[in-house]
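Engineer: Before anything else, here's the structure in question.
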Amino acid sequence: MKYLFLILFCSQFYSAYAQYPQDYFRNPLDIDLVLSGTFAELRSNHFHSGLDIKTQQRIGLKVYAAAEGYVSRIKISHYGYGKALYITHPNGYTTVYAHLEKFSPRIEEYIKQCQYQKETYEVEVFPTPDELPITTDEMVAFSGNSGSSGGPHLHFEIRDNAERPINPMLFGMDVKDSKKPLISGIYAYPKDENSHVNNSKKRVELRLIPNKNGDYSVESVEAYGNIGFGIVSYDQLDGANNKNGVSNIQTFFNGNKSFEMDFKRFSFNETKHINRYIDFEIYKTKRSRVQKLFAQSGNTLSMLKDLDNNGYLIVEDSTSSVYKIRVKDFKDNDAWITIPIIGKKEVKKEQEELNDIKPLHFAYANQVTTLEKGNVSVYIPSNTFYDDLHLDFNVSSDTLLMHKDVVPLLKSYTINYDISNYNDVDKDKLFIAELVGYYQRPSYVYTTRKGDVLSARTKSLGTFALQSDLVAPTITPVNFTDGKWMSKSSELKVKIADDLSGISNYRATVNGKWILMEYEYKTGVLTHSFDDGIVTDTENKLKVIVTDNVGNSSTFEATFFRK
Ligand SMILES: [Zn+2]
């Protein structure tokens, strides 16, 4: 019996601390690990799936394979990960390296062959294990800033054989962190009509009082019924100012655990539930991410553990309780928040709020909703929303008000515009735009046309309008002019732009042969490298064709010489 207990204890210990191979994967750079982003930290519409490793504000640092294996996937895209490399290892894990500047010569040659064969910059290939084997410590790429990256860094991931990203720190990768997590906001949430916090049936912000030791307290609250709490937290590592994510949050009600969020591993198909986990309305209106320490319907995040009453506490009348929140970083530095709670059933009658008139339209979360007015119809599939919802919906002169962008959506819905009242010439140039930000800037939503109906699918609520794009894209040479000698240049660069609907595609040829031009959307620059060996003649006729999202097209032609 004693031994059995010991075995059970050991196996638990084993699963918690050594489930992942230790020191199998090396630091993919040859500089110390300093992070600008941690695993599972909160990003827009997703949890961050890896580590963002700082590269000293530079691009071009050598990136090494974290272990031996083979290149199992290469993906190059304008947005997202930009240039990304996937290496699968004999132990079943795959490491991912993203936002790269370029690959090592051997891999670069392999992928360029694919690009020239398909005549596109964006490609995705899955080499077989014998095509690009990788040895221990092999240099596989150079770090960069490609794709949706806000500055030079290496995005590094470790995924298991089910494609689930896991915190690389669990594999023994180490960073310096001696500081406690920081808490910058706390909110209380009465769950229903029968509960309240400080006389409010709605979310209330509470005042955080920082203590000298890095913990926090909150003045005692009066409450009754089912209530939950939410916090704004972040962590800072040594040697960097970046606000990173924490690694674990637990709550205790009168000493009993009621909630845990453990940021160790997740699946890509659940990452969207971040919009249910955070207070989406606060995020959309104040850009602050309040993590709700309770689970509402539809929040199926596997990182949630040990939920008691879904993380809500039940506060009874005439009681005195203590609620504690513990926020940890990966190095087990922890910050505690203590909230004394006085149970008090009686509530002063809240003033009826005059502006609390509910909109007319109602959507049941588990049913299809269709809305129609004027020339606009909207189709919302069932289970688009987490909750039933009063929808603010209106149409006036081609502008569609689809509620406010403060409600998270689980899937896309469809907007249809009848354009039969437009004349035929104009119809071709119309698209559906979302009007975003304070200035209501039109942002293209992928639009298709069937006869006289324009359709767009979107995953956000907000204001939409028909827009017309009559202007073709612009194409401007960057490092040459017509008739120039370019023998000393290693690259050919042109800048492309479109003012309204945006660029849909581009194509460049020299003397009729397709040339690879890499598109960097952040600068709008297309770059061809003469190292590709395509430009071999002395006199070269360059032709670049750029098309926008409604089909307006521009052609740029120039002659350059090379010897
Ligand atoms: Zn990243």
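Each reported figure results from applying straightforward, stated rules to the coordinates on display, with no laboratory input. Just so it is clear, the model here is predicted, and its values are computed rather than measured. Glycine also receives a Cβ, built like all others from the backbone with ideal geometry; neighbour counts cover every protein chain displayed.
Engineer: Being touching a residue at least 24 places away in the same chain (Cβ under 8 Å), within 30 Å of ARG207 (Cβ to Cβ) and surrounded by 14 or more Cβ atoms within 10 Å (Cβ to Cβ) is true for just one of VAL407, VAL378, VAL436. Which residue is that?
Structural biologist: VAL407
Engineer: While we're here: If I ask for residues that are polar (S, T, N, Q) and assigned to a strand (DSSP E or B), which ones from region 387-443 would you list?
Structural biologist: Scanning region 387-443 gives ASN394, SER396, THR399, THR414, ASN416, SER443.
Engineer: Would you mind telling me which numbered condition in (1) surrounded by 15 or more Cβ atoms within 10 Å (Cβ to Cβ); (2) free of Cβ contacts under 8 Å to residues at least 24 places away in the same chain GLN117 fails?
Structural biologist: (1)
Engineer: Using the structure shown, decide if PRO105 is out of contact with any Pro (no Cβ under 8 Å at 6 or more places or on another chain), over 24 Å from GLY533 (Cα atoms) and more than 16 Å from the ligand (Cβ to nearest atom).
Structural biologist: So PRO105 does not fit the description; no.
Engineer: With the condition kept exactly as written, say whether any residue in region 446-463 is touching a Phe, Trp or Tyr at 6+ places or on another chain (Cβ under 6 Å), among the polar types (S, T, N, Q) and outside any strand (DSSP E or B).
Structural biologist: No: zero hits.
Engineer: When you go through (1) more than 17 Å from ASP137 (Cα to Cα); (2) part of a strand (DSSP E or B); (3) within 13 Å of the ligand (Cβ to nearest atom); (4) not hydroxyl-bearing (Ser, Thr, Tyr) one by one for PHE39, which number turns out not to apply?
Structural biologist: Every condition holds for PHE39 apart from (2).
Engineer: Looking at GLY60 and the list (1) surrounded by fewer than 20 Cβ atoms within 10 Å (Cβ to Cβ); (2) small (Gly, Ala, Ser); (3) within 16 Å of the ligand (Cβ to nearest atom), which single condition is not satisfied?
Structural biologist: GLY60 satisfies all of (1) surrounded by fewer than 20 Cβ atoms within 10 Å (Cβ to Cβ); (2) small (Gly, Ala, Ser); (3) within 16 Å of the ligand (Cβ to nearest atom) except (3).
Engineer: Now for a different question. Looking at HIS46 and the list (1) in contact with a helix residue (DSSP H, G or I) (Cβ under 8 Å, 6 or more places away or on another chain); (2) farther than 27 Å from TYR20 by Cα; (3) surrounded by fewer than 20 Cβ atoms within 10 Å (Cβ to Cβ), which single condition is not satisfied?
Structural biologist: (2)
Engineer: LYS202 - would you say it is surrounded by fewer than 19 Cβ atoms within 10 Å (Cβ to Cβ), more than 16 Å from the ligand (Cβ to nearest atom), without any contact (Cβ under 8 Å) to a residue 60 or more places away in the chain and in a loop (DSSP other than H, G, I, E, B)?
Structural biologist: So LYS202 passes the test.
Engineer: What are the pairs, 6+ residues apart or on separate chains, where a residue within region 534-563 that is in contact (Cβ under 8 Å) with a residue 40 or more places away in the chain and farther than 21 Å from TYR446 by Cα has its Cβ under 6 Å from a residue that is part of a strand (DSSP E or B) and among the small types (Gly, Ala, Ser)?
Structural biologist: Sorted first by the residue in region 534-563, then by its partner, the pairs are LEU542/ALA558; VAL544/ALA508.
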